[in-house]
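> Next up is a structure, given as structure tokens.
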Amino acid sequence: MKSNSFLTNTSLYHWIPEFEFNSYDLSDLVVPGPDIEKECIFIEDQLNAFLAIYKTGTLAKRQGLCTTFKYANLESTAFSLCQRLENKLSGNILVAYAKPLQRW
């Protein structure tokens, strides 16, 4: 079992299923500050997507969220909204996953 308990300090990752939360190494995820967290949750509702913030330089893992769940297909205005948010993340990476979650 991986220790991902640090992610319980945010509601941003509530969507990660229990199996993946308890067995995947999610140490590359970022716990955002309260302002960014609120903005993420607002954008999730607007886009009907789940968001995750990864540390700068993170690469997809063989057993990770990006290789397990499909990304959200965003229209250009939604993509622009995500880009504006990502610009506030100090080089961290914003990923939008399909809602409801879909496995590859």
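> Report, to the nearest 10°, how far helix 34-47 tilts away from the longest principal axis of the Cα atoms in the chain, using its own Cα long axis and a range of 0 to 90°.
On a 0 to 90 degree scale, this one is about 70.
> Would you please name the trypsin sites (Lys or Arg not before Pro) within the range 1-85 that are DSSP coil residues with at most 16 other C-beta atoms within 10 Å of their C-beta?
Here the sparse-neighbourhood loop sites are Lys2, Lys55, Lys61, Arg62, Lys70.
> Roughly how tilted is helix 76-86, in degrees to the nearest 10 and between 0 and 90, from the longest Cα axis of the chain?
The helix 76-86 is inclined about 60 degrees to the chain.
> Over the chain, with the other protein chains present, what is the accessible area per residue in square angstrom, probe 1.4 angstrom?
Dividing the accessible area of the chain by its residue count gives 60 Å².
> Please list, in chain and number order, the residues 5+ apart from Tyr97 or on another chain whose amide H is under 5 Å from its amide H, with Hs placed from the backbone.
Phe50, Leu51, Ala52, Ala72
> Can I ask one more? Give the cross-link partners of Lys88 among the lysines, using a straight C-alpha distance below 26 Å as the criterion and excluding same-chain residues fewer than 8 apart.
The reachable lysines, counting only those whose Cα sits under 26 Å from Lys88, are Lys38, Lys55, Lys61, Lys70, Lys99.
> While we're here: Just for the Cα atoms in the chain, what are the lengths along the principal axes, largest first, rounded to whole Å?
38, 29, 24
> Which whole-number percentage describes the relative contact order of the chain, with Cα contacts under 8 Å and a sequence gap of 6 or more?
29
> Further, regarding this structure: In whole Hz, what ³J(HN,Hα) sequence does the range 50-64 give by Karplus (6.51, -1.76, 1.60; θ = phi - 60°), x for Gly and Pro?
Calculated HN-Hα couplings, in order: 9, 10, 9, 10, 9, 4, 3, x, 5, 10, 4, 9, 4, 10, x Hz.
> Now, a different point. Once neighbouring chains are kept in place and the probe is 1.4 Å, which whole percent of the accessible area of the chain is contributed by carbon and sulfur?
Carbon and sulfur: 52 percent of the exposed surface of the chain.
> Considering only Gln102, Val31, Ser5, whose Cα is most displaced toward the positive end of the charge dipole of the chain, charges sitting on Cβ of Lys, Arg (+1) and Asp, Glu (-1)?
Among Gln102, Val31, Ser5, the one farthest towards the positive end of the dipole of the chain is Gln102.
The values are calculated or read from the model by the stated rules, or taken from the named source; none is laboratory data. Please read all numbers here as calculations on a predicted model, not as lab measurements. A quick note on method: Cβ atoms are made from the backbone with ideal geometry, for glycine too, and the neighbour counts reach across all protein chains shown. The accessibility values were calculated without ligands, DNA or RNA, using every heavy atom of the protein model including side chains. Shrake-Rupley method; radii C 1.70, N 1.55, O 1.52, S 1.80 Å.
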